[in-house]
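For reference, the structure is listed below as structure tokens.
Derivation of every value follows stated rules applied to the coordinates shown; laboratory data play no part. All values derive from a computational prediction rather than experimental measurement. Reconstructed Cβ throughout: ideal geometry from the backbone, glycine too, with neighbour counts over all protein chains shown.
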There are 2 protein chains.
Amino acid sequence: MCELLGMSANVPTDICFSFSGLMQRGGETGPHRDGWGISFYEGKGQRSFHDPDPSCSSKIAEFIKSHPIKSTLVISHIRQANVGKVNLENTHPFSRELWGYIWTFAHNGQLDTRLFNLPLEFYLPVGNTDSEYAFCWLMDQLRKTFKTRPSDPKVLSDFIHQCCEKLRELGVFNMLFGESEFLFAYNTTKLWWITRKAPFGEASLKDCDVTVDFKNETSITDKVTVVATEPLTKNEQWNAIETGELITFELADVVDQKYSKGIV
Amino acid sequence: MCELLGMSANVPTDICFSFSGLMQRGGETGPHRDGWGISFYEGKGQRSFHDPDPSCSSKIAEFIKSHPIKSTLVISHIRQANVGKVNLENTHPFSRELWGYIWTFAHNGQLDTRLFNLPLEFYLPVGNTDSEYAFCWLMDQLRKTFKTRPSDPKVLSDFIHQCCEKLRELGVFNMLFGESEFLFAYNTTKLWWITRKAPFGEASLKDCDVTVDFKNETSITDKVTVVATEPLTKNEQWNAIETGELITFELADVVDQKYSKGIV
């Protein structure tokens, strides 16, 4: 299995604190030694860092921690391989362009081989993971259904939720998916989120001895939502996403929630 | 205008020497202050670094110089903006997936506004440069013409050459384009290349006081081709690519050359 980390914020924010915790799980406090990646959005632009080496000892991870990149939307992933070799093309997050937006995807879980019977048309995987295949299928569905980007995010999230429910029939499908504005978080087994806003307090990481007092790091109007496979801090209240639930975040706010109609 | 740098090698090779020279032109010895980017292939996998800040003072550029990434195919670009704002989405190289391969593109030059009359179907630009628009059009042509990747690289290069000739009718179009195996280099005004192989000798950069003796850095079977807007070294013999010529490199070798039939 793998671990996911996402962020949606109303001002460009660095994710160093949460990222520091996650990276420890990549071979130090957790077994996810098979590479890691992170994608940052800045406006419509996106930049990604991918490394097939363990995150706990990665020089690129070290660099990102010491040279924070501020972003309003981040998707990150550390990998413990089950399907697909450990190499660069199998390293999440995966990205594709649709409607003039870069879409980014990371997956935690495993889907059974029926997945590979789903036909692909526009988007093809570069590597050989179940995750990238599922991403290409999801992108295909979006492209075939909507000629342009729907202006109402609820239309988009409703459709994405239907696709996620279909993928969940094939196994464990915990997902972070997004483009420059919206972060979609879908859960099968475990995915948690927290929104930090004024009055800000202190938070201490579970995975290493780091405490931050967000009062000193933020202004009063800042809002930042973090989504993670497991809560990253030990002294804050995280919210669980239900099985079969898709939450849509925009600028840190929950703008839509879709629940399972009980497929599984 | 901008500067291009490409590499095709028969063994994973770091591009630090050439990159060090190029980065100086990003605001130090040259005027290309408007961002830079670099894409490395490792097998079918690709990783890119993009930075809208000047390369000569970029922390990410510094990191890449001090932590070499070995690759068989590299495309890099430093930007002096003419069309499109200085921001992440307008920073080359641009990438899209086709036939299960990631294609990467960087452009030096400027195309006139007739470019934007060329219809786009599958691929849309994320930013607003002429370069990304031309890339999307080129990708569209490839996708519409070939259902799968042609097994003969000459079929591919013949078609790409026709597309490049059409784009050259619209202005200056110097291009590096490629995926995991092939590097395509097309010239309108200036583009140079050199292949280094045994017996290796010394090379000294033009843009900073760095000399490398490749004898000490290589084994006897290594071959590395570098393509650049201007020769990067002062004591080696670089080859000019003709106006309207497309050269296809594979593992450092020239595998095809297409010449203009005199459109311009």
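For a quick check: sort A:18, B:20 by the number of other beta carbons within 10 angstrom, fewest at the front. Could you put the intermediate results ahead of the total?
Working: A:18 24, B:20 18.
Taking fewest neighbouring Cβ atoms as first place, the list is B:20, A:18.
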Original post:
Using 11 Å as the cut-off for backbone N distance, which residues of the range A:91-113 belong to the label zone defined by a point 7 Å from the Cα of residue B:128 along Cα→Cβ?
Top reply: none
Original post:
If the label for residue A:57 sits 7 angstrom from Cα along the Cα-to-Cβ line, what are its distances to the same label in every other copy, in nm to one decimal, shortest first?
Top reply: 3.7
Original post:
What size of dipole, in debye to the nearest 20, comes out for the range B:3-258 about its Cα centre when the only charges are +1 on Lys and Arg C-beta atoms and -1 on Asp and Glu C-beta atoms?
Top reply: 260
Original post:
Any idea how far the Cα center of the range B:221-256 sits from the one of the range A:33-70, in Å?
Top reply: 32
Original post:
Can you list, shortest first and in nm, the gaps between the label point of residue A:114 and those of its counterparts in the other copies, using a point 7 Å from Cα in the C-beta direction?
Top reply: 5.5
**OP:** For chain A, set up a Gaussian network in which alpha carbons nearer than 10 Å are linked by springs, and say which option among A:218, A:13, A:248 fluctuates the most.
**Re:** A:218
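So between residue B:11 and residue B:242, what do we pick up on full extension, going 0.36 nm a residue minus the alpha carbon distance?
Working: separation 231, 0.36 × 231 = 83.16 nm, distance 2.75 nm.
Here the segment from residue B:11 to residue B:242 would lengthen by 80.4 nm.
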Subject >> Among A:57, A:151, A:204: highest mean-square fluctuation, GNM of chain A, C-alpha pairs under 10 Å >> reply: A:151
Subject >> Farthest toward positive dipole pole in the range A:3-258 [+1 Lys/Arg, -1 Asp/Glu at C-beta], among A:40, A:191, A:123 >> reply: A:123
Original post:
For residue A:43, which inter-copy label distances result when the label point lies 7 Å beyond Cα on the Cα-to-Cβ vector, reported in nm to one decimal and in ascending order?
Top reply: 3.6
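Specify whether the C-alpha gyration tensor of the range A:1-155 places it in the rounded, prolate or oblate class, a ≥ b ≥ c being the square roots of the eigenvalues: rounded for a/c under 1.5, otherwise prolate if a/b is larger than b/c and oblate if not.
Cα axes put the range A:1-155 in the oblate bin.
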Original post:
Along the axis that rotates chain B into chain A, which residue of chain B has the nearest beta-carbon, and what is the gap in whole Å?
Top reply: B:63, 3
Original post:
Which of these, B:247, B:160, B:69, has the largest mean-square fluctuation under a Gaussian network model of chain B (Cα springs below 10 Å)?
Top reply: B:69
Subject >> Mean Cα-pair separation over length for chain B, i.e. relative contact order, pairs under 8 Å, 6 or more apart, % >> reply: 22
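Normalising by the residue count of the range A:124-256, find the relative contact order in percent from Cα pairs under 8 Å and 6+ residues apart.
Numbers: 189 pairs, mean separation 32.3, N = 133.
24 percent.
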**OP:** Using the structure shown, select from A:70/A:197; A:59/A:85; A:144/B:144; A:65/A:154; A:85/B:144; A:59/A:223 the pairs with a Cα to Cα distance greater than 26 angstrom.
**Re:** A:65/A:154; A:85/B:144; A:59/A:223
Subject >> the protein assembly as shown, helix-only ellipticity at 222 nm - DSSP H runs n ≥ 4, -39,500 (n - 2.57), divided by all residues, nearest 500 >> reply: -6000 deg cm²/dmol
**OP:** Distance between Cα centroids, the range A:107-185 to the range B:187-211: provide it in whole Å.
**Re:** 45
